[in-house]
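The values are calculated or read from the model by the stated rules, or taken from the named source; none is laboratory data. What you see is a predicted model, and the numbers here were worked out from it, not measured in a lab. Cβ coordinates were reconstructed from backbone atoms using ideal geometry, including for glycine residues, and neighbour counts include every protein chain displayed.
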Amino acid sequence: MNFDFSDDQKQLRDQARKFLAEKCSPKAVRVVLDGKAPYDSELWKGLAEMGFLGVAIPEEFGGAGAGHLELCVIAEEMGRANAPVPFSSTVYLAAEALLIAGSDAQKKEWLPAIASGEAIGTLALFEGKGNPSPKNIKLTASNGVLNGVKKPVADGAIANFAVVAARTGSSGRDSDVSLFLVDLKAGGVEMRGLTNLDPTRGQAEITFKDCKAEPLGAAGEGWSILTQVLDRAAVLCAFEQVGGADRALEMGRDYALDRIAFGRQIGSFQAVKHMLADMYVSATLARSNSYYGAWALSTNAAELPEAAAAARISATQAFQHCAKNNIQVHGGMGFTWEFDCHMYYRRANAMALGLGSLSYWEDQLIDRMRKKNAA
Amino acid sequence: MNFDDTPQEAEFRAVARAWIAANAPKQYEEELRKSSLGRTQLKNANILEVAKAWQKKKADAGWACLHWPKDYGGRGSSPIERVIWQQEEGVFGKLSQLFIIGHGMCGPTMMAFAREEHKRTYLPPLASGEKVWCQLFSEPAGGSDVAGLRTRAEKDGDEWVINGQKIWTSGAHYSDYGILLTRTDPTVPKHKGLTMFFLDMKSPGVEVRPIKQASGASDFNEVYFTNVRVPDHQRLGEVNDGWNVSLTTLMNERMSIGAGVATGFPELFDYCSSLMLDDGPAIEDRAVRSKLANWAVKASGLKYTSMRAISALSKGERPGPENSIGKLVAGSMIQDVATYALDLQGAAGVISGPEDAEVAGRFQAMLLRAPGTRVEGGTDEIMRNIIAERVLGLPGDIRVDKDVPFNKIPTKGRS
């Protein structure tokens, strides 16, 4: 049994960590946090040069052709560094949708541009409140023209293209949904940035007005493709969350060692020690669930739907738990803008919602476990 | 990343599987499968006898205590082979619970500290289950604070005279031997005046009294020592170095990887899959699903954490510290799972008799046994201290009794 990353993959993780420590310091994250830039474009270029953006994109489409385990270890480091770049929307959502359902021409148009850092992509799925569901998709598509409003769309205001979920039928079944590919710079769209929990990753409203679009995948297959994309993104996001949870735990641990109160290190008080031990427990459970997700993702296993939901839930909980209690360990200082704790708290809670909330994934997990048991 | 055996591992697995298929006591398989925490017993057989027979059979064929040297009754297997054996042994492994303390703690301590002739005499029958061992550490005045124990051992010629009381001794009522931690010098700080021995539990002056637990069952005992004489050659380690000897024992307790900790989740998922609530199947109820999902990811998280440890063993590496979370997570989880399973039964959840209760009262039994799980072998709080100190590197607790002679440490909170 070798349920672990290979030495090469671990080396790639170290390389990514070193690169991000240099290029993505908390100070750099704060430039975006403070609204001075919509994202860190220098870092984005650097990620492209390192080959990280296209690590799982096949060589024929301009990527490194490594694989998803490699992408997982990079994702973990992106989460640890709280990187203020449109990595998850471009790489986990848009690129994965293209890889699953894109025609050769579509892949040739966009995947090399993603790998080189020239194109930012996203998925336009949500329309206001609610979790992923065919019922919640109102935006219409007819004769290759889209009409409707999507929000929130992650990184929507800076994206060059979007994968858009549209209603193309009214049977009440999943097959009412089809996917479209939209060049956001070609007209017919209005983008408006939205104030959101985590300013280091933008959210937008996109209004489509008689917007020209080309189908992505077969008509009526939209929901089935989306489900696959969300599962794959759930595993990749879980690695970001695991990285973020570990960092928040480390910050709390370090502060508990440095801070003196009542004449001793606060990390010597059991109330504080036990809080940190519990953070370690949830981070460890999340990491192990995510490893299983990585295995299923990289081998396209039949277990992927269940593994992805478990990784999603576990990693979401762990990041929220660690980010929240990191502030608690820091006390009042943790609640200042000046300390970095809130950046992880914001990221943890925004990420908990991005692919659908916990209750959605809980439901998915139980459905999938039942299906497996019935099989 | 994969879950595949190496060719050697696959070969070992095939041999183990074939032997188990041909030799395991299959007549008890179903009953063992259905048994869960708080209720591992057989209806028409004495579980101790069945367990001993299975252990002896394994020993005769070279399948007992796989990781021990052959000279001492083992197989000389690698750690990963031991894990593969446990996986293949499956539900029949539940029969080994009676030997866990002996095989997991007493044996390794004997191996590290006993004289060679004693190892050759005592270890093979321990491996084969013909002799059962217990561990006599905890006392009324020393639970989590083991080093606070008061049982005295005083030298008299070539012998030591033991007086005092132990408590929470698992299986003492059917044990043949025990390892015993005593105080040999009360005038020095508590960790520095302890000495370890092993002894025959049938020695004159040893009295075992079963404790009736909160669950009603009796797994543990009080053991009283009145002028019990133990020869000096049964001393394990140096005089007054018993604390270091005990650390070896306790370290082995926490090395038991791959045994799989009970969480109650598979039982609850099964139960909810067939249970009908007032307004439909439980498994379709939103609240039930949310609870199940949250426990599902804990159970799978533990499972894959142990897979990571096994992978380290497979590569010949030492597993990381992540396995230390197992008991802490599973202990409170099984308690919560049991509480919730009863909640789903409404008023009928109160019925615990196997004849009348839902699913033969398995969740009621679980509920009543669970508090013990969170205490035995290190309380939840001690486990959190261990994680905080040894994994995260946080400071140890401030110990006000550390440098005080043992006999000067206060013994009462309020007078």
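As a summary of the residue check, B:Ser215 satisfies the conditions (1) part of a loop (DSSP other than H, G, I, E, B); (2) within 14 Å of chain A (Cβ to nearest Cβ); (3) not basic (Lys, Arg) except for the one numbered (2). Of the residues making up region A:245-280, those that are of a type in the set (Val, Ile, Thr) and surrounded by fewer than 23 Cβ atoms within 10 Å (Cβ to Cβ) are A:Ile260, A:Ile266. Kindly indicate whether any position in region B:383-393 is over 30 Å from B:Val188 (Cβ atoms), of a type in the set (Gly, Ala, Ser) and not assigned by TED's automatic domain parsing to the domain that holds B:Arg33. Checked against the condition, which is being over 30 Å from B:Val188 (Cβ atoms), of a type in the set (Gly, Ala, Ser) and not assigned by TED's automatic domain parsing to the domain that holds B:Arg33, region B:383-393 yields no hits at all. Do we have any residue at all in region B:394-410 that's touching a helix residue (DSSP H, G or I) at 6+ places or on another chain (Cβ under 6 Å), among the aliphatic types (A, V, I, L, M) and within 14 Å of chain A (Cβ to nearest Cβ)? So far as region B:394-410 goes, yes, one or more of its residues are touching a helix residue (DSSP H, G or I) at 6+ places or on another chain (Cβ under 6 Å), among the aliphatic types (A, V, I, L, M) and within 14 Å of chain A (Cβ to nearest Cβ).
Residues in region B:276-328 that are within 8 Å of chain A (Cβ to nearest Cβ), hydroxyl-bearing (Ser, Thr, Tyr) and touching a residue at least 40 places away in the same chain (Cβ under 8 Å): B:Ser314 only. Suppose we keep only residues that are among the hydrophobic types (A, V, I, L, M, F, W, C), surrounded by fewer than 20 Cβ atoms within 10 Å (Cβ to Cβ) and out of contact with any Pro (no Cβ under 8 Å at 6 or more places or on another chain) within region B:348-383. Which one would you say is nearest to A:Val272 (Cα to Cα)? By that ranking, first place goes to B:Ile382.
For region A:332-361, the set of residues classified as farther than 19 Å from B:Ala293 by Cα and part of a loop (DSSP other than H, G, I, E, B) consists of A:Thr336, A:Trp337, A:Glu338, A:Phe339, A:Asp340, listed by residue number. Screening A:Gly267 with (1) within 25 Å of B:Val329 (Cα to Cα); (2) more than 10 Å from chain B (Cβ to nearest Cβ) gives one miss only, at (2). Residues in region A:275-305 that are touching a Leu at 6+ places or on another chain (Cβ under 7 Å) and more than 8 Å from chain B (Cβ to nearest Cβ): A:Met279, A:Ala283, A:Ala296, A:Leu297, A:Leu304. Taking the criterion of being outside any loop (DSSP other than H, G, I, E, B), exposed (fewer than 13 other Cβ atoms within 10 Å of the Cβ) and within 14 Å of chain A (Cβ to nearest Cβ), the residues of region B:1-41 that qualify are B:Asn2, B:Pro7, B:Gln8, B:Ala10. Looking across region A:123-182 at every residue that is assigned to a strand (DSSP E or B) and of a type in the set (S, T, N, Q), the one that is surrounded by the most Cβ atoms within 10 Å (Cβ to Cβ) is identified as A:Ser178. Touching a strand residue (DSSP E or B) at 6+ places or on another chain (Cβ under 8 Å), farther than 20 Å from B:Gly372 by Cα and either at pLDDT below 90 or in the same structural domain as B:Ala217 (by TED's automatic domain parsing) (or both): does that describe B:Ser314? Yes. Under the condition of being more than 7 Å from chain A (Cβ to nearest Cβ) and crowded, with 22+ Cβ neighbours inside 10 Å, the residues counted in region B:329-347 number 7. Every condition in (1) over 21 Å from A:Pro134 (Cα atoms); (2) free of Cβ contacts under 8 Å to residues at least 12 places away in the same chain; (3) of a type in the set (Gly, Ala, Ser) holds for A:Ala186 except the one numbered (2).
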